């Protein structure tokens, strides 16, 4: 176990709805990254939070937003869900810096119908 | 932006045969990490390579980082059924420590 927990594990939403995914980072880690992994593909970087501030963003539209809290847990919010948003959403925590390995949670499987 | 190309997409092997996956970048990488993702699971960190020409071994797994730090490989000797999964390389960007992922190579053991 990595110590990174995500909730919920599975979720079904209707197109146009909004969703919030949650991640508790490993103790001692101040950096959280979110990834979207479509079936059969590699993880795609959404954004990263470091000490409660966004520290970089991938090629995702503004309807993907996030937060990091003082305890370094994090949320990923997606508005106006589209069918293509169906994917495994992974949260990874790390201690930050150049040589930090990422510890992944088990992911949230989001299905948009 | 920075990209990491990984090949092949799939590799079918008989149990006991070897497996290799390659990652290439057009730009110099500060370091590269390797992850394994079992079917239905999440990526699990295997190793990180930092130095030019570095070679590291974990039992039957051998990881290499090219001299120019633009390519890397993972070689598995004598594959076993427990090796099944998708192997990803991921490189840290120079700017803000974000991981750029390869597309992964899926190791499939032929029945």
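What follows is calculated from the coordinates using simple rules that are stated; it is not laboratory data. Computed from a predicted structure; not experimentally measured. Note that we place each Cβ from the backbone using ideal geometry, even for glycine, and neighbour counts take in every protein chain shown.
Note on B:27-40: average number of Cβ atoms from other chains within 10 Å of each residue's Cβ is 2. Modelled spin-label separation between residue A:82 and residue B:18, with each label point placed 7 Å from Cα along the Cα-to-Cβ direction: 4.4 nm.
Under the Kirkwood approximation for Rh and a Cα-based Rg, what ratio Rg/Rh is obtained for the protein assembly as shown?
Working: Rg = 17.4 Å, Rh = 17.9 Å.
That ratio equals 0.97.
Modelled label positions at residue B:52 and residue B:110, each set 7 Å beyond Cα in the direction of Cβ, lie 4.1 nm from each other. Normalised Debye scattering of chain A at q = 0.11, 0.21 Å⁻¹ gives log10 I(q)/I(0) of -0.31, -1.13, counting only Cα atoms as equal scatterers and leaving out solvent. Set the Förster distance to 30 Å, then compute FRET efficiency between residue A:52 and residue A:101 from the Cβ-Cβ distance, nearest 0.05. The formula returns an efficiency of 0.85 here. The separation of the stretch B:54-111 from the stretch A:27-44, counted between C-alpha centres, amounts to 17 Å. The mean number of Cβ atoms from other chains found within 10 Å of a Cβ in peptide A:54-64 is 1, as a whole number.
Rounded to the nearest angstrom and ordered from largest down, what semi-axes does the equivalent ellipsoid of the stretch B:5-110 get from its C-alpha gyration tensor (root of 5λ)? Spell out each step's value before the answer.
Numbers: eigenvalues 106, 41, 26 Å².
Rounded to whole Å, the semi-axes are 23, 14, 11.
Each residue, residue A:11 and residue A:113, gets one label point 7 Å from its Cα in the Cβ direction; the gap between the two is 1.7 nm.
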